[in-house]
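Structure first, commentary second.
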Amino acid sequence: MPNLTVAVVFGGRSVEHEVSILTAHQVLDALDVAGYKTLPVYITKEGAWYAGKPLGELSHFQSKSGIGDLPGVSRVHLSPDRSARQLVSHPHAKKGLFSRAPELWADVFLPCVHGTFGEDGTLQGLFEMADVPYSGCGVLAAALSMDKIRSKAVCRAAGLPVLDCRWTTRAAWAKDSASFISEVEKMSPYPVIVKPASLGSSIGVRRCEDARQLREGMETALVFDERVLVEPALVNFREVNCAVLGPPTQTSVCEMPSYSGDMLSFDSKYRPGGKGGAKGLAPKGAKSAIASAGMASLNRTIPAPISPELTAEAQKLAATAFEALGAEGVARVDFLLDENNKLFFNEINTVPGSLAYYLWEASGMRFDQLVTRLVDSALARHEIRRRTQFSMEANLLGAGAR
Amino acid sequence: MTDSWISLPARNDVRVRYRRAGSGQPVLILHGWGASIEAVRIIFDDLTTAFDAIALDLPGHGQSPAPPDPWTVSDYRDLIVLFMDKLGVDKTSIVAHSFGGRVAIKLAAAFPQRVGKMVLTGAAGVPPRRTTGQKARLALAKLGKKVKGMLGEGALAKWMETRCVYYVASADYARASGAMRATLVNVVGEDLSPLMPQVQSKTLLIWGSEDKDTPLSSGRVMASLIPASELIVLEGGGHFAYAEQFSKFRLHMRKFLEAT
């Protein structure tokens, strides 16, 4: 374990950019306490990559000055050419006469990017191409888990209780919105909930009381995503979340987030004291005021105030969802709990805020132990992959081929 | 979180405010000079999830009234023993900052059976190596005190009291009033390094590399004198490194306190 360097990748082209910065800094601290060397790797909102020790200082992200100008920080990229197997200096990296480029070797990559271009299989695809060990889900599990429509389908097939849904695309909606609305009305009476298929943070999520609101909600959600789903809205529901770690699969205690209003909007999720509602649709305004502790600071009750039987049920369902989706590393599975104490799988987060360390701590696993486990399983998986032969030595186009 | 009050027959009869929450092994949190439960609340709240966390306002700090007589560190140590007795705590681990570290070291040296592990951060007790400027200021302060003594109780003396003290004395001295000033003089004058080799508790020292009040050098002295000790340096941290770099501090603290 000692002397390994862990690259923590964070930021990214995502509405959860700032939350990722907070998660990454908590992870960097935990890795430090666990005895690893760390290399912070920051992806800007525009998608530029930077690496260097000073990026481990949260204060640099609170000032407006350019991250790229910090001494000891250098513009880098991860090449899909697997001959490098590490971060390399970007061709456009500024080279000062006396500045020394930071050490770019990393033994393991630990992605902390939430949402798009990080949690959705794209970053994982880059790691696979580059042939570097990385923690968390592989490409397929990450992509599946990020997609609310497909993850529900997989979980339903695995026997999990899942709310009904109807979904459509931007193109289909533009062509014939009326028939989609009648399809939704056939599925369930109002109220219904509109959700973009692949966004986290509840952005674009809206509860609709009638056809007019449904139409408005759809129009808004289709701005944020190309595909949108509609589910029946539960009345008086509560949320129960459970973290899962694997392989081997292990579940945490459950939490019950507390929130104002009938839905966890982006505002109430990330901006304590936020107004919620329509403002939650404006990530631009939300970015300035995110609480410094990120997800770990959200008001919640741990363990969730539910019966031991219901807790065991949530843990069992969370483990089933995790395995059905082929998830790895740490994930948080979110359930809706209706008035009759029935649990419904809602979504899975494969890079949960703060890596859900507060749930593991409450389950007897410290954060430094959690990150150690993530690093170990990343290395183990890479070793297993290394033993798989991906190409044939014989050249089928060569002269000797028959 | 509700506060409780308790009366203790220490050197003087005193009332102290305290807070206790969580379950598990007891951990007592001792704040620094001029501070209070609120200053260490971040530690207290964190520990409540896995420990029986206990914090108090030491007499003359926070909401606990100052004792009528000047106290010494030993008086604070004895108060903690009475406090533990009254709360039914036989043995406790301690997390202490600054002046709280003095009390913790005194307690661990005198009553090893009452103290489990100790986390000391920016702890006081090693006499400072004064710079020339500090020596000059000290000399000036002593001279000023003599001059003021000769002036009696007049307006000039009042002026010296309100103005000059701020220029030459430490901020702690300037803020302290009544018996607490004499208490402060008692406290800072005491060199605890002879007691440190007697500390049997496993001790984790967590220090900010840029601590100006209790410099890292004094942390290194403690690490060399306390037998079962380990020093962790929080790079860039000041005297309040525990709050500035709390996510790191808490993990080191918990790892140490949870280890068997």
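The values are calculated or read from the model by the stated rules, or taken from the named source; none is laboratory data. Since we're looking at a predicted model, the values are computed, not measured. Backbone-built Cβ (ideal geometry, glycine too); neighbour counts: all protein chains shown. Heads up: the accessible areas ignore ligands, DNA and RNA and are worked out on the full protein's heavy atoms, side chains in. Shrake-Rupley method; radii C 1.70, N 1.55, O 1.52, S 1.80 Å.
Listed by chain and number, the aspartates and glutamates placed with their C-alpha closer than 20 angstrom to that of B:Lys135 are B:Asp172, B:Glu190, B:Asp191, B:Asp211, B:Asp213; residues fewer than eight positions away on the same chain are left out.
Relative to the longest principal axis of the C-alpha atoms of chain B, give the angle of the C-alpha long axis of helix B:179-188, reported between 0 and 90° and rounded to the nearest 10°. Roughly 70 degrees, rounded to the nearest 10. Under a cut-off of 12 Å between alpha-carbon atoms, report the aspartates and glutamates in cross-link reach of B:Lys248, not counting same-chain residues fewer than 8 places apart. Answer for B:Lys248, where 12 Å is the Cα cut-off: A:Asp29, A:Asp32, A:Asp368, B:Glu235, listed by chain and number. Normalised by residue count, the stretch A:5-135 yields a Cα convex hull volume of 103 Å³ per residue.
Peptide A:362-371 is shielded by partner chain Cβ atoms: per residue, an average of 2 of them sit within 10 Å of its Cβ.
Here the protein assembly as shown carries DSSP beta bridges of which approximately 60% are antiparallel, counting only pairs with both residues inside. Overall size of chain A from C-alpha positions, given as principal axis extents largest first: 65, 63, 45 Å. Association of chains A and B removes close to 900 square angstrom of accessible area from solvent, both sides included, for a probe radius of 1.4 Å.
Taking 8 Å as the Cα distance limit and 6 or more residues as the minimum spacing, I'd like the relative contact order of the stretch A:166-232 as a percentage. Here the relative contact order equals 43 percent. In the stretch A:322-338, whose amide N lies under 13 Å from the spot 7 Å out along Cα-to-Cβ of A:Glu309? List them in ranges. In the stretch A:322-338, the label zone of A:Glu309 (backbone N under 13 Å from the point 7 Å along Cα→Cβ) covers no residue. Loop exposure criterion: chymotrypsin sites (Phe, Trp or Tyr not before Pro), DSSP state outside H, G, I, E and B, at most 12 other Cβ atoms within 10 Å. Applied to chain A, the longest stretch between such sites is A:106-389. From the alpha carbon centroid of the stretch A:122-164 to that of the stretch B:186-260 is 45 Å. In chain B, excluding the sites themselves, the longest stretch lacking any of the GluC sites (Glu not before Pro) that are in a DSSP loop with at most 14 other Cβ atoms within 10 Å is B:1-152. The Cβ shell under 10 Å around A:Pro40 holds other residues with a net charge of 0, Lys and Arg each +1, Asp and Glu each -1.
Between the exposed loop cleavage positions of chain A, defined as GluC sites (Glu not before Pro) in a non-H, G, I, E, B DSSP state with at most 10 neighbouring beta-carbon atoms within 10 angstrom, the longest gap is A:47-338. As a calculated quantity, the FRET efficiency between A:Met129 and A:Trp105 at R0 = 22 Å, using C-beta atoms, amounts to about 0.75. The angle between the Cα long axis of helix B:132-151 and the longest principal axis of the Cα atoms of chain B comes to about 60 degrees, rounded to the nearest 10. Computed in the context of the full set of protein chains, the accessible area of the protein assembly as shown at 1.4 Å probe radius has 54% of its extent on carbon or sulfur. Structural descriptor for chain A: relative contact order 17 percent, calculated from alpha carbon pairs under 8 angstrom and at least 6 residues apart.
Helical content of the protein assembly as shown, expressed as a calculated mean residue ellipticity at 222 nm, amounts to -10500 deg cm²/dmol (DSSP H runs of 4 or more residues, -39,500 (n - 2.57) each, divided by residue number, nearest 500). Here r is the Cβ-Cβ distance between A:Thr301 and A:Asn395 and R0 is 41 Å; the resulting FRET efficiency, rounded to 0.05, is 0.05.
The translational diffusion coefficient of chain B, from Stokes-Einstein at 4 °C and 1.567 mPa s with a Kirkwood hydrodynamic radius over alpha carbon pairs, comes to 68 µm²/s. Comparing Cα centroids, the stretch A:15-76 and the stretch A:165-187 end up 42 angstrom apart. The calculated FRET efficiency for A:Glu185 paired with B:Glu230, based on their beta-carbon distance and R0 = 56 Å, is about 0.25. Ellipsoid fit via the Cα gyration tensor, the stretch B:112-260: semi-axes of 36, 16, 14 Å, each the root of five times an eigenvalue, largest first.
Put simply, the stretch B:17-106 fits an ellipsoid with semi-axes of 20, 14, 11 Å; these come from the alpha carbon gyration tensor as the roots of five times its eigenvalues, largest first. In loop segments of the stretch B:195-260 as defined by DSSP, the trypsin sites (Lys or Arg not before Pro) with at most 16 further C-beta atoms inside 10 Å of their C-beta are B:Lys212. Taking every residue in A:24-37 and counting other chain Cβ atoms within 10 Å of its Cβ, the average works out to 3. Panel note: the C-alpha atoms of the stretch A:47-93, placed on their principal axes, show extents of 36, 19, 18 Å (largest first).
Specify the angular offset, from 0 to 90 degrees and rounded to the nearest 10, of the alpha carbon long axis of helix B:246-258 from the longest principal axis of the alpha carbons in chain B. With rounding to tens, the tilt is 50 degrees.
When Rg and Dmax are taken over the Cα atoms of the stretch B:47-192, they come to 18.1, 57 Å. For chain B, relative contact order (Cα pairs under 8 Å, six or more residues apart, normalised by length) works out to 17 percent. Peptide A:123-135 shows a mean partner chain C-beta count of 0 within 10 Å per residue C-beta. Charge tally for B:Arg114 (other residues, Cβ to Cβ under 12 Å; Lys, Arg +1; Asp, Glu -1): 0. Eigen-decomposition of the gyration tensor built on the alpha-carbon atoms of the stretch A:166-232 gives equivalent ellipsoid semi-axes of 16, 14, 9 angstrom, largest listed first. For the stretch B:101-153, trypsin sites (Lys or Arg not before Pro) meeting the loop criterion (DSSP other than H, G, I, E, B) and having at most 16 other Cβ atoms within 10 Å: B:Arg129, B:Arg130.
In the context of the full set of protein chains, the protein assembly as shown has a per residue accessible area of 45 Å² (1.4 Å probe).
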